[in-house]
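Read through the structure below, which is laid out as structure tokens, and then see the notes.
The values are calculated or read from the model by the stated rules, or taken from the named source; none is laboratory data. Predicted, not measured: the structure shown is a model, and the values here were computed from it. Ideal geometry is used to build each Cβ from the backbone, glycine not excepted, and the neighbour counts take in all protein chains shown.
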Amino acid sequence: MLRIDTEVVESDLRSIIQNVNQQLIQNREFEQLPFEALVRGLNPKRDLSRSPIFQVMVNYLNNENVEFNFDGATISPAQFDYEIAKYDLTFDINEIANGDLVFTIEYSTD
């Protein structure tokens, strides 16, 4: 688990990246620690209105829209428009057939 408090960072991007890199190196000694033990040890304040693991998701999808045919049945990707955001902030980056990138941002208004 890596936690970066971006609200109090008053540094340039290079300093932020160096800080993250240093934290990653220091945290390697705990990589075998079971997640349940980590949560129990930290005893974080619980907020049921937020995802307990993370608030920001980044998806990079480089899959082509492919249809599959099985004995007369066709399976193809479907688009869904959700009424509510699952996380505080979601970035979807889709690489389409010609190599262009399509960016979608979903955010919570709560």
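Only residues that are of a type in the set (Ser, Thr, Tyr) and within 27 Å of Phe35 (Cα to Cα) were counted across the range 54-106, and they come to 3. When we screen Ile75, Ile93 for residues that are among the aliphatic types (A, V, I, L, M) and free of Cβ contacts under 8 Å to residues at least 12 places away in the same chain, the only hit is Ile75.
When Arg40, Arg50, Arg28 are screened for being modelled with pLDDT under 80, basic (Lys, Arg) and not assigned by TED's automatic domain parsing to the domain that holds Tyr87, only Arg28 passes.
When the strands (runs of 3 or more DSSP E) confined to the range 16-110 are screened for residues that are surrounded by 10 or more Cβ atoms within 10 Å (Cβ to Cβ) and not polar (S, T, N, Q), those reaching at least 3 such residues are found at 56-61, 89-95, 101-107. Looking only at the range 74-94, residues that are more than 18 Å from Asp110 (Cα to Cα) and within 17 Å of the chain's Cα centre (by Cα) come to 3 in all.
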